[in-house]
Amino acid sequence: MSFALGIPFDAFEDAFSVPAAPSPAQQALLDQRASRLAVDKAALVQLDQQISSIDRSIVDLTQQTVRLGEAIQMSRLEREDLVRRRDILRTDVQATQCALCPASLCTDDVLGVIFEHLASGFRRAALPCNHANDIYELGPLHPGPMQQYENQIQASTAVASVCRAWRDVALICPSIWNAIAVRSLDRYAADSALNRQADHIRLLLVRSVQMPLDIFVQTLEHDAAPYTDVMDELYRHMRRWRRFECSSSRGCALPIHKYLRGHAPLLEELRVVQDRGTAPPTAVWSSSRTYLDCTPKLREVDLSFMPFAPDGQNRSLSRVSRLKLTLHDTIPSAVFWGICSLPALECLDLNVPGRELALDPPGDALELPALRHLALRAYAAEIPARFGRAFRSGVLGRCHIEHGWPSGRAVRFRELAGFLGQCAGSLDSVTFSGAALRADEGAMLAAALDKVPTVVFNNGSLDAHCIAAFHGGFSGLERVTICNTALVDDAIETFINFVRQRCPVGPAPEGQLQKRLSFVSLWGTDCGFSQRDILEIRRLVDGKYHSVRW
């Protein structure tokens, strides 16, 4: 063994000798690695190509983005130009439309008339005077008085807010500002609310100039302070009042009766509805100063528990045609008979809810040449029974009697029937409300109203004996209405027989004019009628039957 540089020769020879051929297993592993290397190199080349393609796409998209931004900017500039041209054209079109619109051709006075017509459409045409027997004719529903007045105010404000030209015209039309509504406010209301209402009313008084005023006052609170200043302001314009309405709740301290003194030469309608607890003391009846002492145009009056004393000659009330009063039972006799003798009275509605009036007989017979509608409620129904011969009206068309009868009712009802009998020549409708009629009273009623064509029974009861007594009269009956009235004691069959008797079959005897029942109406309830009964009634009256169940 030889040594070179201290390394054994055998080891040196082994290190630089040619390696032996790989074994088959090693050769297979080498081939596998070579194949994988070739695949990886091909994938690397493909990825480099894809990256180059994406880089080229980014460059293209960047160039397109620049061109698109330039296009967007150009579109924005073009849009601004088109908008400017459109606005100019729209202004020209509107100007042309205004020039062609008929309203633009209206002069200020014609436009003012249009505004007046718009505002007047929200006014009330008349007070609800309850024309006695319209119980079977349900009219359309209307908004309440406060809403009607506020509608007119809102309409006036709306037309004045359209443009400056319309506002100028509206401000010179005082008739659209003459509706004044005083809303209910209490002592806890903010001062700003009180001041706004007072300022608004003063503004309306100024804008309405000297036009007649339509006023509605709603007082629902106990405290009168919120209303005092406003009522004082309105009272200073009493000569301009045309319609005055006030609704007052129980306990309100506002003395409305103090504002109904003095001259109201333009007053046409007066309505003050109070609870009995808010009514003025009885002493005001004997006040030396007459209420409403100058009201030559007053035509409609509706007062509840309010003094209403006409002067001795009725000069200031000579044109009152509709009068509805809810009275204290302590009204002086002279005042009562003065009220009942108003010469132009066409509709009289009296209600005495407390107790029977302590009245002295009238000095002379009451001539009521124009009275066509008479309604007597509660204890007012006793008036014709006691003083029926004092009333003289040859044109009385409708009469409404409401309430039952106290002790001694037989005598009272006989006298009441006598009063109706003396008016029967002109009566076309009579209503009995709230009464439970007996057989003898039914007979007297049928005889007294033998020629009356329409009879209404409301909120009462009828028994079989009373209906059977109808057979002795009512020969001219054409319409019968039963509203919320109970038919008791086998009265249903008796009523059907009554209808059958009043609906004869066949022609009338020669030389006689046959009248028959032509209409039957049941309101509120069918009063226990079966379907068979209803079909029979409908058959008898040729289908002219109406029924409404509540």
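Table: residues versus (1) more than 26 Å from Y379 (Cβ to Cβ); (2) among the β-branched types (V, I, T); (3) in contact (Cβ under 8 Å) with a residue 24 or more places away in the chain.
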site	(1), (2), (3)
A417	no, no, yes
Q422	no, no, yes
F432	no, no, yes
A436	no, no, yes
A446	no, no, yes
N458	no, no, yes
I467	yes, yes, yes
G476	yes, no, yes
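From the residues in the range 386-422 that are among the polar types (S, T, N, Q) and farther than 17 Å from M444 by Cα, which one is modelled with the highest pLDDT?
S393
Within the range 153-185, which residues are open to solvent by 30 Å² or more (accessible area, probe 1.4 Å), free of Cβ contacts under 8 Å to residues at least 60 places away in the same chain and hydrophobic (A, V, I, L, M, F, W, C)?
Within the range 153-185, A158, V162, C163, A165, W166, L171, L185 meet the criteria.
Among the listed residues N178, N133, identify the single one that is modelled with pLDDT under 80 and of a type outside the set (F, W, Y).
N133
Anything in the range 327-343 that is open to solvent by 10 Å² or more (accessible area, probe 1.4 Å) and farther than 14 Å from L374 by Cα? List them, or say none.
Result: H328, D329, T330, P332, S333, A334, V335, W337, G338, P343.
Determine if the range 447-456 includes at least one residue that is charged (D, E, K, R), touching a strand residue (DSSP E or B) at 6+ places or on another chain (Cβ under 7 Å) and under 21 Å from R500 (Cβ atoms).
Scanning the range 447-456 turns up no residue that is charged (D, E, K, R), touching a strand residue (DSSP E or B) at 6+ places or on another chain (Cβ under 7 Å) and under 21 Å from R500 (Cβ atoms).
Filtering the range 457-491 down to residues that are under 17 Å from C399 (Cα atoms) and not in a strand (DSSP E or B), which residue is nearest to the chain's Cα centre (by Cα)?
The extreme case among them is N459.
Test A309 against the stated conditions and say whether it is of a type outside the set (F, W, Y), modelled with pLDDT under 80, open to solvent by less than 40 Å² (accessible area, probe 1.4 Å) and over 26 Å from I256 (Cβ atoms).
Taking the combined requirement at face value, the residue does not satisfy it.
To keep it simple, each residue is scored yes or no on (1) crowded, with 20+ Cβ neighbours inside 10 Å; (2) closer than 22 Å to Q274 by Cβ; (3) at pLDDT 90 or above; (4) of a type in the set (D, E, K, R).
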residue	(1), (2), (3), (4)
V209	no, no, no, no
D229	no, yes, no, yes
L234	yes, yes, no, no
R243	yes, yes, no, yes
H257	yes, yes, no, no
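Name the pairs: first residue in the range 262-273 and more than 16 Å from R239 (Cβ to Cβ) and among the hydroxyl-bearing types (S, T, Y), second residue outside any strand (DSSP E or B) and open to solvent by 10 Å² or more (accessible area, probe 1.4 Å), Cβ to Cβ under 7 Å, at least 6 apart or on different chains?
If the second residue must be outside any strand (DSSP E or B) and open to solvent by 10 Å² or more (accessible area, probe 1.4 Å), no pairs are left.
Filter the range 363-382 down to residues that are open to solvent by less than 10 Å² (accessible area, probe 1.4 Å) and in a helix (DSSP H, G or I), then give me how many there are.
Going through the range 363-382 one residue at a time, the tally reaches 3.
Looking only at the range 539-550, how many residues end up being open to solvent by 90 Å² or more (accessible area, probe 1.4 Å) and either at pLDDT 55 or above or part of a helix (DSSP H, G or I) (or both)?
Qualifying residue count for the region: 3.
Can you pull out the residues in the range 475-533 that are open to solvent by 70 Å² or more (accessible area, probe 1.4 Å), at pLDDT below 75 and on the phi > 0 side of the Ramachandran plot?
Within the range 475-533, D489, G511 qualify.
Looking at the range 68-80, is at least one residue within 57 Å of the chain's Cα centre (by Cα) and aliphatic (A, V, I, L, M)?
Checked the range 68-80: at least one residue is within 57 Å of the chain's Cα centre (by Cα) and aliphatic (A, V, I, L, M).
The values are calculated or read from the model by the stated rules, or taken from the named source; none is laboratory data. If you're wondering where the values come from, they're calculated on a predicted model, not measured in any experiment. All Cβ positions, glycine included, derive from the backbone under ideal geometry; neighbour counts span all protein chains shown. With ligands, DNA and RNA removed, areas are computed over all heavy atoms of the protein, side chains included. Shrake-Rupley method; radii C 1.70, N 1.55, O 1.52, S 1.80 Å.
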